[in-house]
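Here is the structure we will look at.
The values are calculated or read from the model by the stated rules, or taken from the named source; none is laboratory data. What you see is a predicted model; the values in this text were computed from it and never measured. Cβ: placed from backbone, ideal geometry, glycine included. Neighbour counts: every protein chain shown. Surface areas here come from the heavy atoms of the whole protein model, side chains and all, with no ligands, DNA or RNA. Shrake-Rupley method; radii C 1.70, N 1.55, O 1.52, S 1.80 Å.
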Amino acid sequence: MKQKQLTLTRMIMPEEQHQYIELSFDVPPRTAGIQADYYVEDGECVIDLGVQDTEQVRGWSGGARSSFNIEETTATPGYRAGSIPVGEWAIILGAYRVPNPCSVTVTVTLTEMEPAWLKGDLHMHSVHSDGSYTLDEIVELCEQKGLDFIATTDHNTTSQNQFIHKESPLTIIPGMELTTNFGHCNFFGVADPVRDFRAISDDQVRERLTEAKTAGAKISLNHPHCPQCGWHWDWELDYDFVEVWNGPWREANAKTVDWWHQQLCQGKRIPAIGGSDTHRPHRYVQHGTPTVWVYSDSRSGESILRAIEQRRVSVSYLPDGPFVSLSCESYTTGDVVPLPAPAQVTARFERLSRGDRIKFISNDQVENELIHQADETQLEVPVEVNGQFFVRVEVWRYIEEAGQEMMAAMSNPMYFEGKPGR
């Protein structure tokens, strides 16, 4: 974790008593956290503490604390968590009692963002629509599965987004599943994305999606090849992601992956995600089945959605199932790599089992296919790139309970520059 420390000092004079004094400092891009510790040299003086960001006062603790911390998802009481804008911030010193001149030293520690793979579930329902779980129960179940984030996506309602959950490390992304008679889609990241869910024509669906996008939501087409509730509206809409994997692996998911692959071959770069679509206790449909892995700069919902938009996503059939990521020099899964010459992509695997079948797929063909024969659960495989539009990876595993081989993990592609992109 990279950190930078700044030391700010100020001599406060008795005539400045009852004044507010600002000590400015610059916050660079990709700052994940700000911590400030201050020390007042003269014990008879009382100096209050606060901070303002680039636009407004962000927190105040008066004389109650000698330090504070602000991050995107957490903050010291009295200070607001949230995005950390780049630019000039200021420590606020309140000269409450200054009988003597006193020196105040403030140490500001800036922590740089450190991307990490986070795991979560982007599709679920609660008692706020047709699910049987309360939101507290969902949080507890997802914590038990070790998830880092969830999205609450009840049908045609946003009341679940008003829920103040118990103290939890989970990041909860507000959502809503727009549910029509001819297709479903999720709105992510906005607590109240549309004024009215009702849509009975292509034009009305387009209006709802436009309204949600204007409000700042990211949009996913859900289970588009499901035989019961597939997508039968116009496909040429302004969506952001496609849910290619809904619940346990099944034929409808395979059809969506095939459709998505064809879109990739046409030059589109559509992020592929998954979601459990859990409604109630079920033997197979459970939170984190499948699990969406996102390579995010931070744990905030905004950062997670931004990383999904950048296609930095891999999907596994369970939270502890196999995992795959791609890298090429400093580039990772989902990135577009400039390739002036042939290059090599490295596929990294974790939690493999003996007998897993691994496919390396490009726009041209299945580049390579191998059976994992070792007992080691980790593996690195080089993939040569010379003219392909993209390379992606699938892991297939024989599931005893199902009596067949099923998708166990898949990556979004790594793309190569010079090819048409959406």
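Using a basic spin-label model with each label point 7 Å from the Cα along Cα→Cβ, how many nm lie between residue 309 and residue 357?
3.8 nm
Tell me the Kirkwood radius of the range 96-201: reciprocal of the mean inverse pair distance over distinct alpha-carbon atoms, in Å.
One over the average 1/r among Cα pairs gives 16.6 Å for the range 96-201.
Let me know the longest stretch in the chain that avoids all chymotrypsin sites (Phe, Trp or Tyr not before Pro) found in a DSSP loop with at most 13 other C-beta atoms within 10 Å.
For chymotrypsin sites (Phe, Trp or Tyr not before Pro) (loop position, at most 13 other Cβ atoms within 10 Å), the longest site-free span of the chain is 1-234.
Gap in Å between the Cα centre of the range 363-421 and the Cα centre of the range 7-30?
So the two Cα centres are separated by 55 Å.
Take the alpha-carbon centre of the range 276-332, take the same for the range 219-266, and report the distance between them in whole Å.
17 Å
Residue 116 versus residue 42, label points 7 Å from Cα toward the beta carbon: distance in nm?
4.4 nm
Based on the Cβ-Cβ distance of residue 232 and residue 30, what FRET efficiency does E = 1/(1 + (r/R0)^6) give at R0 = 56 Å, to the nearest 0.05?
Here the calculated transfer efficiency is 0.85.
Along its principal axes, what span do the Cα atoms of the range 138-188 show, with the longest given first and each in whole Å?
The Cα atoms of the range 138-188 stretch 36, 21, 15 Å along the principal axes, largest first.
For the range 310-422, count all C-alpha to C-alpha pairs, find those more than 26 Å apart, and express that count as a whole percent of the total.
Value for the range 310-422 (Cα pairs over 26 Å): 18 percent.
Heavy atoms only, probe 1.4 Å: what % of the accessible area of the chain goes to carbon and sulfur, would you let me know?
Accessible surface attributable to carbon and sulfur in the chain totals 46 percent.
In units of 2.2 N^0.38 Å, what is the alpha-carbon radius of gyration of the range 63-107?
Rg over 2.2 N^0.38 Å, computed on Cα atoms: 1.44.
Gain in length, residue 378 to residue 15, computed as 0.36 nm per residue apart minus the alpha-carbon separation, to one decimal in nm?
124.0 nm
Have a look at 316, 230, 289 and report the one farthest towards the positive end of the charge dipole of the range 230-384, computed about the Cα centre with Cβ charges (Lys/Arg +1, Asp/Glu -1).
Going by the Cα projections, it comes out as 289.
May I ask you to list, by number, the DSSP H helices of the chain whose Cα span along the axis is at least 15 Å and whose average Kyte-Doolittle hydropathy reaches -1.0 or more?
251-265
Can you give the Rg to Rh ratio of the range 178-241, both from alpha-carbon atoms, with Rh computed by the Kirkwood formula?
Reported Rg/Rh, Kirkwood definition of Rh: 0.92.
Per the Kirkwood formula on distinct C-alpha pairs, the Rh of the chain is how many angstrom?
Final number for the Kirkwood radius of the chain is 23.7 Å.
Can you pull out the cysteines in the chain that have no other Cys Cβ under 4.7 Å?
Singleton cysteines: 142, 185, 226, 229, 265, 328.
With a sphere of radius 11 Å drawn around the Cβ of residue 196, what net charge do the other residues whose Cβ falls strictly inside it have (Lys, Arg +1; Asp, Glu -1)?
Taking every other residue near residue 196 into account, the sum is +1.
Remind me, what semi-axes does the range 1-84 give for its equivalent ellipsoid, largest first in whole Å, using sqrt of 5 times each Cα gyration tensor eigenvalue?
Computed over the range 1-84, the values are 24, 14, 12 Å.
Identify which of 355, 183, 247 has the largest mean-square fluctuation in a Gaussian network model of the chain, with springs joining Cα atoms closer than 10 Å.
355
What is the ratio of the Cα radius of gyration of the range 298-371 to 2.2 N^0.38 Å, where N is its residue count, to two decimals?
For the range 298-371, the normalised Cα radius of gyration comes out at 1.27.
Need the full-extension length gain, residue 285 to residue 100, defined as separation in residues times 0.36 nm minus the C-alpha distance. One decimal, nm.
Full extension of this stretch gives 59.8 nm more.
Over the chain, calculate the relative contact order: mean separation of alpha carbon pairs under 8 Å at least 6 apart, over the residue count, as a percent.
Here the relative contact order equals 12 percent.
Take the chain, mark every one of the GluC sites (Glu not before Pro) that falls in a DSSP loop and has at most 15 other Cβ within 10 Å, then report the longest stretch left between them, sites excluded.
56-166
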